[in-house]
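Remarks on the structure that follows.
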Amino acid sequence: MGKVAIFNKEAAMQAGMLLSHTCNGSDEAIAECKADRTTDPEYLEWLQEESMTIVIPTIDGAICNADMLTDELIETQGNDWGFFGRILKPWLEENNISYDQV
């Protein structure tokens, strides 16, 4: 299990972060799963759902999935080797936005 990162939504939005939604699976992946009768129906359902994503416009539209913990806090994967460590963590630090990485 990886780490998670938690930070203040309002502070990040004031610094330029955007929240968007994107489908979990591509049209091609969804079609393949529908054709494969052994696919777990819950997985197919998940592929067809949308997830909230974080967009950092200063990094040419870098995106990662996020969850709202409360109206004020956002949680995302917080591994140092992934999106958080390579892109989001430096951006948060650059914009003086505090975060917890647990």
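Given the conditions (1) surrounded by 13 or more Cβ atoms within 10 Å (Cβ to Cβ); (2) modelled with pLDDT of 85 or more; (3) touching a strand residue (DSSP E or B) at 6+ places or on another chain (Cβ under 8 Å), which single one is not true for residue 72?
Failing condition for residue 72: (1).
Among the residues of the range 77-102, what is the count of those that are in a loop (DSSP other than H, G, I, E, B) and surrounded by 13 or more Cβ atoms within 10 Å (Cβ to Cβ)?
The total comes to 5.
For residue 39, indicate whether it is modelled with pLDDT under 90, among the hydroxyl-bearing types (Ser, Thr, Tyr) and assigned to a helix (DSSP H, G or I). Steps first, please.
Details: modelled with pLDDT under 90: yes; among the hydroxyl-bearing types (Ser, Thr, Tyr): yes; assigned to a helix (DSSP H, G or I): no.
So residue 39 fails the test.
Only one of (1) surrounded by fewer than 16 Cβ atoms within 10 Å (Cβ to Cβ); (2) touching a helix residue (DSSP H, G or I) at 6+ places or on another chain (Cβ under 6 Å) fails for residue 47. Which number is that?
Failing condition for residue 47: (1).
Identify, please: which residue in the range 2-34 is charged (D, E, K, R) and under 16 Å from the mean Cα position of the chain (by Cα) and is, among those, surrounded by the fewest Cβ atoms within 10 Å (Cβ to Cβ)?
Residue satisfying both the conditions and the ranking: 3.
The values are calculated or read from the model by the stated rules, or taken from the named source; none is laboratory data. Not measured: the values here are computed from a predicted model. Don't worry about glycine lacking a Cβ; one is built from the backbone with ideal geometry, like all the others, and counts go over all protein chains shown.
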